[in-house]
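Here's the structure, in structure tokens; my notes come after.
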Amino acid sequence: MTLADTLDTELAKRFDGPDRVFHATRLDHRFRQLVDYWTSKRVGDRLPGRQHIQPEELHGLLPYLLLYDIVTSTDGGYRFRVRLVGTHFVELLGKEISGRFLDETAYGPRYPELHQRLVTVIETRLPDFGIASLNNPERSFIQYGHLTLPLAEDGEHVDMLLGARISVDMLENPLTH
């Protein structure tokens, strides 16, 4: 096990459980701002949809945002088309991936874990937060905080994911607290 794998495991344990999104809001104001915005767009227990998300209301967050379209395959599984990737995450990745399917862009042994995290957001209709390393073997030393929120055009069935990705180096509150 590499140092990055050990750190991933330790951080994953630290942010596991029902309070993980609360931890995100304490680590950085950008995560807090996105959670507050998403919550403000909810009506009761109904999820906001893409039609409720106005980019001009998220101006300061745009470099960190991403949007995934959820595509259900014929076997009932999910694929994720990257609709939008903010410039901060493009810089971390070292390439532009908008318009591509995530399984065509994320390589390495961590992809199944990434896929399962996104499926969990769909199935639970709940946000997710964690710390991960990039799936690119050439950049696996780069760690980032990831916040993923479900969107549903009809308020019920998750059809898109909205997220923020921020390099651990840029988080306001150190992870060592």
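The values are calculated or read from the model by the stated rules, or taken from the named source; none is laboratory data. These numbers were taken from a predicted model, which means no experiment stands behind them. Backbone-built Cβ (ideal geometry, glycine too); neighbour counts: all protein chains shown.
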*Which of the residues spanning segment 73-96 are modelled with pLDDT of 90 or more, surrounded by 15 or more Cβ atoms within 10 Å (Cβ to Cβ) and outside any strand (DSSP E or B)?*
Gly86, His88
*When segment 62-72 is examined, which residues are found to be crowded, with 19+ Cβ neighbours inside 10 Å and in a helix (DSSP H, G or I)?*
Tyr64
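Here's the yes/no breakdown for (1) touching an Asp or Glu at 6+ places or on another chain (Cβ under 9 Å); (2) within 17 Å of Gly155 (Cα to Cα):
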| residue | (1), (2) |
| --- | --- |
| Arg50 | yes, yes |
| Gly60 | no, no |
| Leu65 | no, no |
| Val71 | no, no |
| Tyr78 | no, no |
| Arg81 | yes, no |
| Leu84 | no, no |
| Leu93 | no, no |
*Residue selected from segment 40-58 under the condition touching a Leu at 6+ places or on another chain (Cβ under 8 Å) and more than 13 Å from Leu151 (Cα to Cα), by the criterion surrounded by the most Cβ atoms within 10 Å (Cβ to Cβ)*: Leu58
